[in-house]
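First up is the structure itself, then whatever we jot down about it.
The values are calculated or read from the model by the stated rules, or taken from the named source; none is laboratory data. Quantities reported herein were computed from a predicted structural model and do not represent experimental measurements. Cβ atoms come from the backbone with ideal geometry, glycine included; neighbour counts cover every protein chain shown. Heavy atoms of the whole protein, side chains included, go into the accessibility calculation; ligands, DNA and RNA do not. Shrake-Rupley method; radii C 1.70, N 1.55, O 1.52, S 1.80 Å.
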Amino acid sequence: MSEVRHTPVAPTRAQRLPSGARIDAHRHDDHQIVYAGRGVLSVTTSAGSWVAPATRALWVPADTVHAHQAHGDLELHLVGLPARENPLRLDSPTVLSVSPLLRELIIAYSRTADDNGPERGRLLAVLLDQLRISVRQPLHLPTPADPLLRTVCDLLRADPADNRTLAELGREVGASDRTLSRLFSGDLGMTFPQWRTQLRLHRALVLLAGQTPVTLVANQCGWSSTSAFIDVFRRAFGHTPGAHRSREAVAGSEPGTNAGGHPSSASGPAPTAVRSERDDLG
C-alpha cells in the first residue's frame with residue numbers, strides 16, 4: 001500500500017463489486033462502517049487483515065489506511081461517520097456482529113445518502129444505538145513485523161493446508177520453535193495454532209464465497225476432516241459452513257438487499273471466540 005489516496009469525507013453509499021475487485025489503499029478523515037450485504041469482504045491495513053461475511057460488519061476508524069477486496073459477488077454498503085462520532089470508542093479496525101435489525105438499518109441508510117431529512121437522522125440514531133451493543137468478533141489476522149516471523153507466516157499464507165509443526169517450519173527458516181513461539185506471542189499477541197486457525201478461517205470464508213464445496217474447503221484449508229472443519233467454523237461463527245452458504249444466498253435474494261420489501265434475517269447467534277489451542281485441528 002505505497003500510494004495512498006486521501007478522501008477526506010468517508011462516503012455513504014451502496015454499490016456492487018464483482019468477485020476479485022479491489023478498492024486500493026486510501027484513508028478518510030471520518031470513521032466508516034463497511035458491510036457486505038452479500039459476498040465476503042476483506043479489509044487490509046499495515047496491521048493485518050479482517051474478513052467479514054454478510055453476518056458481520058467492519059468498523060474502520062478515521063485516518064486508517066485501508067484497502068478492500070471483494071470475494072464472491074459483493075454488495076457493499078458504506079456508512080461514513082464524522083470523527084467526533086465514535087459510538088464504539090475503537091481506534092483500530094474491528095469486526096462486529098450484525099443483527100437482523102442492524103443489517104436493515106445499514107442497508108436503508110446507505111441507500112439514502114442524498115436524503116438529509118429528519119427521518120434519516122432518526123434512522124442514524126437507531127443505527128448508532130445498535131452499533132453500541134454489537135458483539136465484537138475475533139476475525140483479525142495480524143501481520144507480523146519481525147522478518148523471521150513474516151517468512152513463516154508467508155509460507156502458511158501460500159498454503160494454509162501446510163500442516164508442519166512450528167519446529168518443522170523453524171528448521172526451514174533457521175529458528176527454533178521456542179524462538180518462533182515467543183515471536184508469535186510477543187509480535188502477534190496469539191499462539192501459533194491460534195494464528196494458523198485464523199488464517200484458515202479467513203481462507204475458508206473466501207473459498208465458500210466462491211462456491212467451493214465444504215469438503216474441498218476443509219481439505220484446502222488443512223483440516224484433518226470435514227467434521228473438524230465444521231466444528232471449528234461453528235464455534236467461530238455460530239453456524240455451520242453449509243448454513244453459512246444458505247445465509248449468504250438468502251442475503252442476496254432478500255428484498256432488503258435489492259429493492260425494498262420485508263426485512264431480511266441474515267445474522268446468527270453470537271459466536272464464541274476462536275482462541276483455544278485445540279482449534280487448530282489439522
Neighbours by Cβ (under 9 Å, 6+ apart or cross-chain): first from region 32-43, on the phi > 0 side of the Ramachandran plot; second outside any strand (DSSP E or B): GLY39/SER19; GLY39/PRO53; GLY39/ALA54; GLY39/ALA209; GLY39/GLU248; GLY39/ALA251; GLY39/GLY252
Given (1) within 17 Å of the chain's Cα centre (by Cα); (2) at negative phi, number of the condition GLN130 does not satisfy: (1)
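Take the residues in region 24-50 that are part of a strand (DSSP E or B) and open to solvent by 30 Å² or more (accessible area, probe 1.4 Å); name whichever of them is farthest from PHE233 (Cα to Cα). If you could, list the steps in order and put the result at the bottom.
Within region 24-50, the subset part of a strand (DSSP E or B) is 24-27, 31-45, 48-50.
This time we only want the ones that are open to solvent by 30 Å² or more (accessible area, probe 1.4 Å), so: 24, 27, 38, 44.
Working: ASP24: 29, ARG27: 32, ARG38: 19, THR44: 22 Å.
Only one residue tops the list, namely ARG27.
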Members of region 146-171 that are open to solvent by 70 Å² or more (accessible area, probe 1.4 Å) and of a type in the set (Gly, Ala, Ser): ALA158
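Residues checked against (1) hydroxyl-bearing (Ser, Thr, Tyr); (2) part of a helix (DSSP H, G or I); (3) at pLDDT 95 or above:
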site: GLU168; (1), (2), (3): no, yes, yes
site: ALA175; (1), (2), (3): no, no, no
site: ASP187; (1), (2), (3): no, yes, no
site: MET190; (1), (2), (3): no, no, no
site: GLN198; (1), (2), (3): no, yes, no
site: LEU201; (1), (2), (3): no, yes, no
site: LEU205; (1), (2), (3): no, yes, no
site: VAL232; (1), (2), (3): no, yes, no
site: ARG235; (1), (2), (3): no, yes, no
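Among the residues of region 130-149, are any part of a loop (DSSP other than H, G, I, E, B), in contact with a Ser or Thr (Cβ under 6 Å, 6 or more places away or on another chain) and among the hydroxyl-bearing types (Ser, Thr, Tyr)?
Taking region 130-149 as the starting set, the residues that turn out to be part of a loop (DSSP other than H, G, I, E, B) are 133-135, 138-139, 143-146.
Filter once more, so that each one left must be in contact with a Ser or Thr (Cβ under 6 Å, 6 or more places away or on another chain): 134-135.
Now narrow it down to the ones that are among the hydroxyl-bearing types (Ser, Thr, Tyr): 134.
Yes; the residues of region 130-149 include at least one that is part of a loop (DSSP other than H, G, I, E, B), in contact with a Ser or Thr (Cβ under 6 Å, 6 or more places away or on another chain) and among the hydroxyl-bearing types (Ser, Thr, Tyr).
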Out of GLY189, GLY210, GLY174, sole residue that is among the small types (Gly, Ala, Ser), open to solvent by 20 Å² or more (accessible area, probe 1.4 Å) and in contact with a Pro (Cβ under 9 Å, 6 or more places away or on another chain): GLY189
Residue count for region 82-122, restricted to those that are open to solvent by 20 Å² or more (accessible area, probe 1.4 Å), among the charged types (D, E, K, R), touching a residue at least 40 places away in the same chain (Cβ under 8 Å) and under 15 Å from TRP59 (Cα atoms): 1
Single condition VAL95 does not satisfy, out of (1) touching a strand residue (DSSP E or B) at 6+ places or on another chain (Cβ under 9 Å); (2) more than 20 Å from PRO241 (Cβ to Cβ): (2)
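Restricted to region 51-71, and to residues that are under 21 Å from THR240 (Cα atoms) and open to solvent by less than 10 Å² (accessible area, probe 1.4 Å), which residue is modelled with the highest pLDDT?
The residue in question is ALA57.
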